[in-house]
1. So, restricting to helices (runs of 4 or more DSSP H) that lie completely within region 42-143, which ones have at least 1 residues that are under 20 Å from Lys156 (Cα atoms) and modelled with pLDDT under 85?
2. Scanning for something within 12 Å of the chain's Cα centre (by Cα) and either surrounded by fewer than 19 Cβ atoms within 10 Å (Cβ to Cβ) or not in a helix (DSSP H, G or I) (or both), does region 187-196 turn up at least one residue?
3. If we keep just the residues of region 152-173 that are among the charged types (D, E, K, R) and in a helix (DSSP H, G or I), which is farthest from the chain's Cα centre (by Cα)?
4. Quick check: is even one residue across region 15-23 modelled with pLDDT of 80 or more and either farther than 23 Å from Leu130 by Cα or within 23 Å of the chain's Cα centre (by Cα) (or both)?
Amino acid sequence: MEQNKYLEDISEIKNMMSRSSRFISLSGISGILAGIYALIGAYLAHSILVKNPLYMFSSKTDVTRYSMLNLNNLYFIAIGVIIAAAITGVLLTLKKSRESGEKMWDVTSKRLVFNFLIPLFTGGLFCLSLIQNEIYGLVAPATLLFYGLACVNASKYTLRDVRYLGFANIIIGLIATQFIGYGLYFWALGFGVFHILYGSIMYFKYDKKN
């Protein structure tokens, strides 16, 4: 009996240490919704690109034949998806943290955000450089690669499941570099399908039991 109580105490201490060093209030529903937003964005982008006879551009020559208005629409779609996913994630995470009695913005969450933004910000600057140098075909693979690296880097301060989402995006990002011109499909797979799968696993593994 004493031994069982001792083991339970050790287990409780380990759980407390884990909770204090990891931000565990990430919402699975926010992951699912982020994936849905990405698929909607991919569909809208596809509806724009399919009107172009060249369909997928990957060089300066292709772009000069394409309407700059449509290019701007693609940028607006991407920005809209990012903003919608970010707002949803913050609101649902805030709701979950309040329900669990945890602070959303503490030392651990700051470390999580900082380690997530380092690769993400670097990748954003790199993608801007690709666009500046008119290497459009590598933009989609680069976004997947750097987002995957951001997830892996941030997983040290949150649930380990985030690491697997990062690895998956890194893998398809590397594969996408060999299929220039089909980046939209890989983008939909990584940011859309993978996020829905990840969010569903998170929901049934952590959210539903609570």
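The values are calculated or read from the model by the stated rules, or taken from the named source; none is laboratory data. Predicted model, so just to flag it, every value in this text is computed and none were measured. Here Cβ is always computed from backbone atoms with ideal geometry, including for glycine, and neighbour counts include all displayed protein chains.
1. 68-99, 107-132
2. Yes; the residues of region 187-196 include at least one that is within 12 Å of the chain's Cα centre (by Cα) and either surrounded by fewer than 19 Cβ atoms within 10 Å (Cβ to Cβ) or not in a helix (DSSP H, G or I) (or both).
3. For region 152-173, the residue satisfying everything is Lys156.
4. no
Yes/no per residue for (1) without any contact (Cβ under 8 Å) to a residue 60 or more places away in the chain; (2) touching a helix residue (DSSP H, G or I) at 6+ places or on another chain (Cβ under 7 Å):
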position: Lys110; (1), (2): yes, no
position: Val113; (1), (2): yes, no
position: Leu117; (1), (2): yes, no
position: Asn133; (1), (2): yes, no
position: Ala140; (1), (2): yes, yes
position: Leu145; (1), (2): yes, yes
position: Gly148; (1), (2): yes, yes
position: Gly173; (1), (2): yes, yes
position: Leu184; (1), (2): no, yes
